[in-house]
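Student: Take this structure first; my questions come after.
The values are calculated or read from the model by the stated rules, or taken from the named source; none is laboratory data. Small disclaimer: the values here were computed from a predicted structure and weren't measured. Here the Cβ positions follow ideal geometry from the backbone for every residue, glycine too, while neighbour counts run over all protein chains shown. The protein model used for the area step is the full one, side chains on, heavy atoms only, and it has no ligands, DNA or RNA in it. Shrake-Rupley method; radii C 1.70, N 1.55, O 1.52, S 1.80 Å.
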Amino acid sequence: MRIGILCHPTYGGSGVVASELALSLAENDHRVHLFSHDMPPRLARAPGPVEVHVAQGSPYPLFHSTPHDLAIMSRILDLHRSEGLDVLHAHYAIPHAVSALQVRSAAAEAKLDPLKVVTTLHGTDITLVGNDPSYAPLTRYAIAASDAVTAVSEDLRRRTTDNFEGVPPCGIEVIPNFVDLEEFCPGAGRAERPSAVHVSNFRKVKRVPWLVEAFALALEKLASRGADAELVLVGDGPQLGEARRVAQQRGLEGHVKFLGLRDALPDLLSPADAFCVASTEESFGLSALEAMACGTAVVGTRVGGLPEVVEDGVSGLLSPVEDLAGFAGHLASLLEDRGRSSAMGAAARERAMALFDRRRVVEQYENLYRRLIGGRLAS
Ligand code: GMT
């Protein structure tokens, strides 16, 4: 199949899923083009035969900001005219699903080969951005007009049909996120000092300062029993400064490490006794899944699709979103009882293998594409 993938060039989340999907499809001998306004970091480091198109557009005094979405749409249309695409797969509803639909109608107008649009909803494109009154009408249109819509969890499918009246639940297929089990795998063993790790873009929804507060409480519990631990924070974003301030106020120097943006995620995830996710919303929790594949148990909040990824009490411990003491208690218990954290980590790896194996999930996308273009492929 000739497949175009349209995504944000993000370090995590939908940018990673789109990049890994593009690489996997190319590995399965499809012709794959990826379109974005910058190079997605996961793809930049991979040698796979995906053709990447970075389109940014030209600045012009009349434009308030350079409209790279229009430049991307032009690039896709141009490529469709010269090489042809069967499927255009948009990751994140705003603006990509809208851009893909616009290309589909421009192609029809020009009597080019018909192009099928698949939209994958990732979370905040529905719950925050897409639901904002300034975008909601267009999000609703994008969902209704796509040839197929997928959501990364049952929870996101439910929230989409609740938020956007008139969208039938059967019209959205759940295809979960996935992980490469060879790249993300258990390493040589635990670090000597018990440790917890967190990876994110430090946006407000991730509540990193709250997590540092929870770690401070957990550390108090451990210290009262003569034990020690550290928290490793990986990533960068708007709440980094606030997280640093909380760490300083709570006297956590020497206990909290800020590593900034890092690529060597499996090496950072696998030695940890726990992976922490303190989000107020999480449609899936891809970094939690990557940690699980590395054999690391998750301490998290019971929000969104996270309970579909982490089996509470088996592959991790979840607590209600406002329960700081409960979260801290879970964290302390895994940092203190390394036998328990290892057993949960092993169960987490098993779950990642059973439900979220890259090869099996990519096959679900291929089947969806084939269903959409089946007749044409046969001819
Ligand atoms: O909202 C974000 O954090 C960004 C978004 C993305 O596009 O990067 O992340 C969402 O998509 C990920 C991939 O499907 C999911 O694993 C995240 O849970 C989801 N984030 C939220 O729902 C907050």
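Student: Could you pull out every one of the helices (runs of 4 or more DSSP H) wholly within region 93-169 that has 2 or more residues that are over 29 Å from residue 83 (Cα atoms) and out of contact with any Asp or Glu (no Cβ under 7 Å at 6 or more places or on another chain)?
Tutor: So the answer is 124-127, 136-145, 154-163.
Student: How many residues does region 16-38 contain that are touching a residue at least 40 places away in the same chain (Cβ under 8 Å) and within 27 Å of residue 291 (Cα to Cα)?
Tutor: Number satisfying all stated conditions: 8.
Student: Would you check which residues across region 265-281 are more than 11 Å from the ligand (Cβ to nearest atom) and either in a helix (DSSP H, G or I) or closer than 23 Å to residue 92 by Cα (or both) and list them?
Tutor: Across region 265-281, the qualifying residues are 265, 266, 267, 268, 269, 278.
Student: Give the number of residues within region 172-184 that are more than 16 Å from the ligand (Cβ to nearest atom) and open to solvent by 40 Å² or more (accessible area, probe 1.4 Å).
Tutor: Quick first cut of region 172-184, residues more than 16 Å from the ligand (Cβ to nearest atom) only: 181-183.
Next cut, open to solvent by 40 Å² or more (accessible area, probe 1.4 Å) only: 182-183.
Qualifying residue count, region 172-184: 2.
Student: Given the structure, is residue 93 more than 14 Å from the ligand (Cβ to nearest atom), surrounded by 24 or more Cβ atoms within 10 Å (Cβ to Cβ), under 24 Å from residue 201 (Cβ atoms) and modelled with pLDDT under 95?
Tutor: no
Student: Does region 185-205 hold any residues that are within 16 Å of the ligand (Cβ to nearest atom) and either of a type outside the set (A, V, I, L, M, F, W, C) or assigned to a loop (DSSP other than H, G, I, E, B) (or both), and which are they? Explain how you work it out, then say what you get.
Tutor: To start, the set of residues in region 185-205 that are within 16 Å of the ligand (Cβ to nearest atom) comprises 198-205.
If the condition is that a residue be within 16 Å of the ligand (Cβ to nearest atom) and either of a type outside the set (A, V, I, L, M, F, W, C) or assigned to a loop (DSSP other than H, G, I, E, B) (or both), then 198, 200, 201, 202, 203, 204 are the ones that fit.
Student: Next question, about the same structure. Out of the residues in region 225-274 meeting the condition of being more than 25 Å from the chain's Cα centre (by Cα) and of a type in the set (D, E, K, R), tell me which one is farthest from residue 290 (Cα to Cα).
Tutor: 225
Student: Residue 284 fails exactly one of the following numbered conditions: (1) open to solvent by less than 10 Å² (accessible area, probe 1.4 Å); (2) outside any helix (DSSP H, G or I); (3) out of contact with any Ser or Thr (no Cβ under 6 Å at 6 or more places or on another chain). What is the number of that condition?
Tutor: Of (1) open to solvent by less than 10 Å² (accessible area, probe 1.4 Å); (2) outside any helix (DSSP H, G or I); (3) out of contact with any Ser or Thr (no Cβ under 6 Å at 6 or more places or on another chain), only one is false for residue 284: (3).
Student: Turning to a different aspect of this structure: Go through (1) surrounded by fewer than 24 Cβ atoms within 10 Å (Cβ to Cβ); (2) modelled with pLDDT of 95 or more and name the single condition residue 263 misses.
Tutor: (2)
Student: Another one. When you check residue 67 against the structure, is it open to solvent by 10 Å² or more (accessible area, probe 1.4 Å), within 27 Å of residue 126 (Cβ to Cβ) and assigned by TED's automatic domain parsing to the domain that holds residue 147, yes or no?
Tutor: yes
Student: Scan region 206-232 residue by residue and report those that are within 16 Å of the ligand (Cβ to nearest atom) and open to solvent by less than 20 Å² (accessible area, probe 1.4 Å).
Tutor: Result: 208, 211.
Student: I would also like to ask the following. I want to confirm something. Restricting to region 282-305 and keeping residues that are more than 9 Å from the ligand (Cβ to nearest atom) and hydroxyl-bearing (Ser, Thr, Tyr), which single residue is nearest to residue 327 (Cα to Cα)?
Tutor: Among them, the one singled out is 301.
Student: Here is a follow-up. Which pairs do you get when a residue that is among the small types (Gly, Ala, Ser), found in region 203-227, comes within reach of a residue that is buried (at least 21 other Cβ atoms within 10 Å of the Cβ) and modelled with pLDDT of 95 or more, reach meaning Cβ atoms under 7 angstrom, with the pair 6+ apart or on two chains?
Tutor: 214/278; 214/327; 214/328; 214/331; 218/328; 218/331; 218/332; 218/335
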